[in-house]
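One structure is given below, encoded as structure tokens.
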Amino acid sequence: MAGKTKRAALVLMEDQKKMLKELSRSRTAPAREIERAKILIDYADGISIT
């Protein structure tokens, strides 16, 4: 069983999270930006990024 991560929690303001969600659904933004937005959203929600 994996242990708890030692990474700091990521706290996003509502407007930041909204912007990241919009970016993650974009069809015109570069793929790397979309992927990073999805990773940040998941990390802020407590989902493992490994």
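Nothing in this text is a laboratory measurement; each read-out follows from the coordinates by a stated rule. From a predicted model like this one, the values you see are computed outputs, not experimental measurements.
For the chain, the longest principal axis of the C-alpha atoms and the axis of helix 14-24 are separated by about 70°.
By the rule of a C-alpha distance below 17 Å, with chain neighbours fewer than 8 residues away ignored, no lysines are paired with Lys6. Straight-line reach from Lys38: taking Cα to Cα under 13 Å and skipping same-chain neighbours fewer than 8 places apart, the aspartates and glutamates in range are Glu22.
Per-residue ellipticity at 222 nm computed for the chain from its helices equals -15500 deg cm²/dmol, with DSSP H segments shorter than 4 residues left out and the rest contributing -39,500 (n - 2.57). Which label marks the calculated value of Cα Rg over 2.2 N^0.38 Å, given the options (1) 1.25; (2) 1.51; (3) 1.05? It is the value labelled (1).
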